[in-house]
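**Student:** Please read through the structure below; I'll follow up with questions.
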Ligand SMILES: Cc1cc2nc3c(=O)[nH]c(=O)nc-3n(C[C@H](O)[C@H](O)[C@H](O)COP(=O)(O)OP(=O)(O)OC[C@H]3O[C@@H](n4cnc5c(N)ncnc54)[C@H](O)[C@@H]3O)c2cc1C
């Protein structure tokens, strides 16, 4: 059932469940579904409303120090479905080697392997309605460039992410039957968790408290609690929890809030001869087995080791040209009107080719206002001094805001330079590069600081990392906080590293693992 804290009578309520999940994004809703399917009564507390709304956005305010983390506010959505209400839908699991020790860049192995979470992949794919064939070589022969495109060359390897259809993007839409009908699952919106009641004697959370903008409060008592509210907010809640205890649950080990990282992104090139209609044919997402696939060039493990770099990947992405309207006026209403007219005109002009490309060629049509660019993303090598902490200022609910000291380092610079070089060599060696050369924007010799022009990718991770001991991590391989055993974290906050994949598939695998650890009462050392 769905409840809204703002709509309930009285100013305070207390409720009880077996498990309380904090956050209703992909991680929280998947964990809640698994738990309720297994017969556990679950309460989900969601800070936002049923739909995204600017009212809740202010709760994402962050005090930024060091590098600007551009998407701290817009890259996280407070609503049912969380950030899956706006995400790009790219599903790709981490590669096996992303979990391994990489001592040449000072990285420990994850405490779990790819195998430990691989069996959740099929369930997640089913939820999104994509097929279950391989991300590696399986669909290679279906690709139009298969004869010319090496699977592995010049240090790059192809993989093939999957995308759901647009109606299956938002997890709150896909799981609506669970949210609205399940007898075991209650979801509360407008309920921002801000406080914990702890039994210090046994080191367990007894209850959590949530509040809304009207001063209404809700306390949830449960046996287990799963924090699934995205990397930054999960870390914020753990830091708030730490403050509640005299000696601190986590502060003595000084790991919580450290090693914050993201993928760094730069557009590094543009496909030339875009005016040939066929240019979109090989490089844009295409459909196989009713599933849209993208093309993803990823650094091989051998090359990472040889060059002593982190991993990185290149993708071909559509970019809409800037239209003159962006400069014409600052008046929003005017812009919207012109924007609407332009969109409508484009739509009518391109209706026939769109239908043809969508239904006959099984590929997305791009009109002449679109460009195809090469986007590079690299994994940051996590560094201890890249931190998330509580700030002195408070948000509209009176909760301490976060302070982010995000660092980009010379190791990231090295990875970026290497990935661009690999991309150039790979492309230039292809026969089709003569028909569709790439204009690379960044000449390595001319450009000093790639990290300075790189941006975050809305893949925040790492500030409550997973590991084998409290001295190097916040949660164990069972995702339980070392210091508070009935509190689990299901978010990219626990990622020790981020590898070469978009995070959501792994975040959801982690959420499924957390749910199962609760269902089977598993404590793994
Ligand atoms: C523009 C964009 C494009 C993206 N594209 C991709 C992509 O193509 N592929 C991919 O893998 N990933 C992509 N991502 C990242 C992806 O959206 C996230 O990895 C994913 O949403 C993380 O899921 P989550 O459940 O951990 O967190 P979220 O989706 O952020 O959900 C967290 C939920 O917790 C709630 N919450 C926060 N604090 C509290 C609190 N104190 N109390 C109660 N509730 C709280 C929030 O309101 C939110 O609903 C993209 C992100 C953006 C912004």
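Bear in mind these aren't lab numbers, they're just calculated from the coordinates by the rules spelled out. As the structure is a computational prediction, the values presented were derived from the model and not from experiment. In this analysis, Cβ positions are derived from the backbone assuming ideal geometry, glycine residues included, and neighbour counts consider all displayed protein chains.
**Student:** Just to confirm the number: angle between the C-alpha axis of helix 504-519 and the first principal axis of the chain, 0 to 90 degrees, nearest 10?
**Tutor:** 30 degrees
**Student:** What ranking, highest mean first, results for peptides 424-430, 191-197, 35-41 when packing means the other Cβ atoms within 10 Å averaged over each residue?
**Tutor:** 191-197, 35-41, 424-430
**Student:** Distances over 44 Å make up what percent of all Cα-Cα pairs in the chain?
**Tutor:** Considering the chain, 16 percent of its Cα-Cα pairs are separated by more than 44 Å.
**Student:** Also, I was wondering about something else. For helix 332-349, what angle does its Cα long axis make with the longest principal axis of the chain, in degrees from 0 to 90 and rounded to 10?
**Tutor:** The angle comes out near 50 degrees.
**Student:** What does the highest-first list of 61-68, 226-233 look like by mean Cβ count within 10 Å?
**Tutor:** 226-233, 61-68
**Student:** At 25 °C and 0.890 mPa s, grab the translational diffusion coefficient of region 105-262 from Stokes-Einstein with a Kirkwood Rh over Cα pairs, rounded to a whole number in µm² per second.
**Tutor:** Answer, rounded: 120 µm²/s.
**Student:** Please report the orientation-averaged projected area of region 203-257, defined via the convex hull of its C-alpha atoms, in nm².
**Tutor:** 4.7 nm²
**Student:** Extension gain residue 485-residue 317, at 0.36 nm per residue separation less the Cα-Cα distance, in nm?
**Tutor:** Result for the pair: 56.2 nm of gain on full extension.
**Student:** Continuing with the same structure: How large, in Å, is region 78-178 by the Kirkwood hydrodynamic radius built from its alpha-carbon pairs?
**Tutor:** By the Kirkwood definition, the hydrodynamic radius is 16.2 Å.
**Student:** Against the longest alpha carbon principal axis of the chain, how many degrees, from 0 to 90 and to the nearest 10, is the axis of helix 231-244 turned?
**Tutor:** 20 degrees
**Student:** What is the gain in length, in nm to one decimal, between residue 245 and residue 195 on full extension, counting 0.36 nm per residue of separation less the C-alpha to C-alpha distance?
**Tutor:** 16.8 nm
**Student:** At what distance in nm do the modelled label points of residue 126 and residue 396 sit from each other, each positioned 7 Å from its Cα along Cα→Cβ?
**Tutor:** It is 4.0 nm.
**Student:** Mean shadow of region 380-475, computed from the convex hull of its alpha carbons, in nm²?
**Tutor:** Averaged projected area of region 380-475's Cα convex hull equals 10.5 nm².
**Student:** Can you tell me the order of 97-103, 410-416 when each peptide is scored by its average per-residue count of other Cβ atoms within 10 angstrom, highest first?
**Tutor:** Per-residue mean Cβ counts within 10 Å order the peptides as 410-416, 97-103.
**Student:** Per q in 0.11, 0.17, 0.21, 0.28 Å⁻¹, report the Debye log10 I(q)/I(0) for region 147-224, using one uniform scatterer on each alpha carbon and no solvent.
**Tutor:** So the normalised log intensities are -0.61, -0.87, -1.06, -1.19.
**Student:** Determine the principal axes of the Cα atoms in region 1-102, then give the extent along each, sorted from largest to smallest and rounded to whole angstroms.
**Tutor:** The principal-axis extents, from largest down, are 51, 36, 23 Å.
**Student:** In the P(r) worked out for region 420-525, what percent of Cα pairs fall beyond 25 Å?
**Tutor:** Of the Cα pairs, 46 percent sit more than 25 Å apart.
**Student:** Here is a further query. How much FRET efficiency would the formula 1/(1 + (r/R0)^6) give for residue 308 and residue 57, where r is the Cβ-Cβ distance and R0 is 51 Å, rounded to 0.05?
**Tutor:** Approximately 0.80, to the nearest 0.05.
**Student:** Now for a separate question. Please find the FRET efficiency linking residue 202 to residue 116, where r is the Cβ-Cβ separation and R0 is fixed at 30 Å, and quote it to the nearest 0.05.
**Tutor:** Efficiency computed from Cβ-Cβ geometry: 0.60.
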